[in-house]
Every structure is written in structure tokens, then in C-alpha cells.
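Beneath this line is the structure, given in C-alpha cells, with notes to follow.
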Number of protein chains: 2
Amino acid sequence: MTGDDEFAIAPDWVDGETKALEAPHDHRAELRLWLRLLTCSTLVESEVRRRLREEFDSTLPRFDLMAQLERAPDGMVLGEVSKRMMVSPGNITVLVERLTESGHLSRTTLPTDRRVQIIALTPFGRAEFEKMAARHADWISDLFAGLEPVDGGVLMDELAKLKRSVIASLAKGG
Amino acid sequence: MTGDDEFAIAPDWVDGETKALEAPHDHRAELRLWLRLLTCSTLVESEVRRRLREEFDSTLPRFDLMAQLERAPDGMVLGEVSKRMMVSPGNITVLVERLTESGHLSRTTLPTDRRVQIIALTPFGRAEFEKMAARHADWISDLFAGLEPVDGGVLMDELAKLKRSVIASLAKGG
DNA sequence: CAAAACAATTTTAAGCTTGAAATTTCTCTG
DNA sequence: CAGAGAAATTTCAAGCTTAAAATTGTTTTG
């Protein structure tokens, strides 16, 4: 890609000449921050997708779904998975279908409420996931390796503030 | 992906020396940071998608494509757009098809090289985009409003460091 | 108890995305 | 100048994603 210009890599419809603090109704600083955030997560995410496909012939959604189930040894209700992954219920349906076909997941109907589907990792699925999770952790570690520990800590804190801001705005406005 | 419930747990990051004493293959701090970053950008991105659909019956990919063209009054070659948006060429083909049908884009074949397609915003497309861009800036501003300016600045700097780390790792390993 | 209301999930229709294969059009080499 | 090779784009097959409608099952209410 095109090197060191901040906006050469991601969607970059913002004017690069912006200063950090400007007139009250100028939103350029926030836009630039958002673009930089998006660039970072897009870079990491595409690389993770690429490697999941290359090394495991799998996808990020499947990995994420299995990751949710890994921490629920007794399985989890479909709706709960959907909420935790922040994706639509219909989306989960499709993913579960494929992962069940391939033997990674088991699915049961709750006897006391037959609307409810409970899914869980099979032993095979768990073994596969553990391989993937180990590699995934290595990838992230490599990608983040140039960041000093202190910077990691600062980022964690600042992102926590951002997350609170976003959630507050969502709760208020929409 | 990822509900990011790690707010409950105390950051084990902050102390670099402590971290150095941990097991060599413990990547939890990086993973937690990555998940938090991903949560933030997913939250913002889904909200932007939702509002583009509700207010303009449009999508984020279309918006991004028009944003690229907004700064290129004389139009842009398809391949260039593809690179800048970091998406596959085939993807651009589909987007351009639809946006041309709807009158937002014009497309010309370069006379001197008939392989090359040049696309540009039509006056209508430009007017539409400007409306969308203004609203988009408002949304981002609202979502980020709870962040103090100083935090925004720190975040910009730390994300720049992260981006450098990711790009360096991609250049080296990938 | 039957009907309405509610809940969990699936289906549907539409659009996005990708990698790989195919196509079209140049460009370069012998 | 022909044919090889490269470049720009499109096509294709497969999978992801969503909102909205439909389905199935449970609970509440008249």
C-alpha cells in the first residue's frame, strides 16, 4: 500500500490540513480520530481474516462464534450468542448451521421450552478452536509488538473512555 | 464481535515490569486491547451504517466510494479507488454499477487505453454526498462528544503508534 | 379454555465482500 | 508483426450480514 500518509490506506475523505482544535462546529478532529481508529481496526481485522483463511480455511465469524462458546462449557442459548456477538439472530442461524455440519458444534432443543436452541462446542470443535486461538493470539501479539507496554495501558484507558462516550450517546440519542 | 466485558477486570498492563515477569507466551494484554479497539469501532460503524440506511437509504460502502471521488473532481481510475478503499477490484465493479444506475456516478473509458475506466461524481451525486457527509460528521461528533479534547489528542497519538506497529509487522512478517 | 400477546428462531430478499478465473486490451520482444 | 506477457476490469462462486416477515412455541388474559 501507499506508505506513511495517514489517509492513504483507509477511506480518507477528510482534509488532511486540519488542526486539532478549531471552531465549535468544526467536526474535523473527531472525524480524523474516527478514521484513524477505523484504519487500525481494519488493518488488524483483514490480516486476521486472511490468516484464518490461509492457515485454517476458516473465517472470523466462525472463530468469534466458537470463542463465545469456549467459555460456556454447558453451551449457550442462540439469542445470548447473538447479543454477545452484536450480530443479528438470523446471522447466527446460518453460522450455526455450517459449524454443526462440519462437526464443530452440537445443538439441542431445551426440553422445557422448545423454542430455545442451545449450542455448544463438540470436543472436536474445542480442539480446533484451541489451535486457532493460540495462533490468533500470536498474530495479535506480533501486530501489536511495536507498542510499548505503557502505550498499551494508555490506549486501554482512552478506548474505555471512548467506549463510554459512544454508549452514552447511543443511549441518549437513539 | 465481542461484547468486551473486560471492564470488570483490572488492567494488568500498566506495569511493564510485571508484564516482563509473566510467562513468555501470555498474550492476554494484547488480546484485551484488540478486543476493546474492535468493540469501539464496531459500535461506531454499526451506528453509522444504521443511520445511512435510515436517513439516506444508502450504505457505508457507497458513502466511502463517493467520499473518495469527492476529492477527485476529474474522476479516478477504478484500480486507484480499489487501492485507496482497501477492497477488492471486483467489489468496486459492483458498487460502481449501482451508483451509476442511480445517477450518482459517471463512468468513461479512457480513449488512450480502453482497459481503463474513469469514474466521477455527477453534480447530483456530489450534492447527495455533501448532504450525507454533513450528517455523518454530526453523528461522529455526537458519538465522540463524551471524550475530552485532551483524550482525543492522546488517542490520536496512541493510535498512530499502534498503526505504525501494525504496518511494521505486516511489512516484516506478511 | 381460546385468543391475543409475546418470545425465540428461521426464512427471505437484498446487498457487501473476497479470491480466483476469465476477458479485454495494451505492450514488449524477437 | 505475431505471440507472449502484463494490466485493468469483470465475472463467478461462496460466504457474511442485515431488516423485516414468517414460523413455532409459550404465556397471559378475557
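The values are calculated or read from the model by the stated rules, or taken from the named source; none is laboratory data. Keep in mind that what you see is a predicted model, and the values were worked out from it rather than measured. Methodologically, a virtual Cβ is constructed for each residue, glycine included, from the backbone with ideal geometry; neighbour enumeration extends over all protein chains shown. Accessible surface areas use protein heavy atoms only, side chains included; no ligands, DNA or RNA. Shrake-Rupley method; radii C 1.70, N 1.55, O 1.52, S 1.80 Å.
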Seminar exercise, completed: Amide H proximity to A:I118 below 5 Å, modelled H, separation 5+ or other chain, gives A:T108, A:T109, A:L110
Exercise. Say a label goes 7 Å from Cα toward Cβ at B:V77 in every copy; what distances in nm does this one have to the rest, shortest first?
Worked result: 5.6
Problem set entry | Partner lysines for B:K131 [C-alpha distance under 24 Å; skip if fewer than 8 residues away on the same chain] | A:K19, A:K172
For this session: Taking a label point 7 Å out from Cα toward Cβ, give me the nm distances from A:R49 to the same spot in the other copies, shortest first, one decimal.
Result: 1.1
Problem set entry | For the range A:87-101, Karplus couplings with θ = phi - 60° (6.51, -1.76, 1.60), whole Hz, Gly/Pro x | 10, 6, x, x, 5, 4, 3, 5, 4, 5, 3, 5, 5, 6, 3
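At 0.36 nm per residue, and after removing the present C-alpha to C-alpha distance, how many nm does the segment from A:V77 to A:V150 gain when stretched out fully?
Numbers: separation 73, 0.36 × 73 = 26.28 nm, distance 3.87 nm.
Going from the current span to full extension adds 22.4 nm.
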Problem set entry | Backbone N under 18 Å from the B:R49 label point (7 Å along Cα→Cβ), restricted to the range A:34-52 | A:35, A:37-50
Exercise. What accessible surface, in Å², does a 1.4 Å probe find on B:F56, ignoring ligands, DNA and RNA and rounding to the nearest 10?
Worked result: 50 Å²
Problem set entry | Cβ-vector label at 7 Å, A:S88, separations to other copies in nm | 2.2
Problem set entry | Solvent-accessible area, 1.4 Å probe, carbon plus sulfur percent, for the range A:32-174 | 52 percent
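Just reorder A:K172, B:K83, A:K163, B:K161 by solvent-accessible area, largest first, 1.4 Å probe, all chains present.
Values: A:K172 170, B:K83 145, A:K163 15, B:K161 70 Å².
Solvent-accessible surface, decreasing: A:K172, B:K83, B:K161, A:K163.
Determine Rg/Rh for chain B; Rg is computed over alpha-carbon atoms and Rh is the Kirkwood hydrodynamic estimate from the same atoms. Numbers along the way, then the final one.
Numbers: Rg = 20.8 Å, Rh = 19.5 Å.
Result for chain B is an Rg/Rh of 1.07.
Let me confirm one metric for peptide A:38-49, namely the mean number of other chain beta-carbon atoms within 10 Å of its residues' beta-carbons.
Working: counts 6, 8, 13, 12, 3, 7, 9, 6, 3, 5, 2, 0.
Taking the mean over all residues of the peptide, I get 6.
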For this session: Report ³J(HN,Hα) in whole Hz for each residue of the range A:39-49, in order, from the Karplus equation J = 6.51 cos²θ - 1.76 cosθ + 1.60 where θ = phi - 60°; Gly and Pro get x.
Result: 4, 4, 6, 5, 4, 5, 4, 4, 5, 5, 4
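Enter the mean number of other protein chain beta carbons within 10 Å of the beta carbon of each residue in B:131-140, as an integer. Before the final figure, lay out each step's value.
Working: counts 0, 0, 3, 1, 0, 4, 8, 3, 6, 9.
The mean count of partner-chain Cβ atoms within 10 Å per residue comes to 3.
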For this session: With θ set to phi - 60°, apply the Karplus curve 6.51 cos²θ - 1.76 cosθ + 1.60 along the range B:153-165 and write out the HN-Hα couplings as whole Hz, x wherever there is a Gly or Pro.
Result: x, 4, 4, 4, 5, 5, 5, 4, 5, 4, 4, 4, 4
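Run the helix sum for chain A: -39,500 (n - 2.57) per DSSP H stretch of 4+ residues, divided by residue count, reported at 222 nm to the nearest 500 deg cm²/dmol. Intermediate results must be reported in sequence, preceding the final value.
On the way: 6 runs with 107 residues, N = 174.
My calculation for chain A gives -21000 deg cm²/dmol from helical runs alone.
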For this session: Would you mind checking which residues have amide H under 5 Å from A:L105's amide H? H placed 1.01 Å from N; only 5 or more apart, or other chain.
Result: A:T100, A:T122
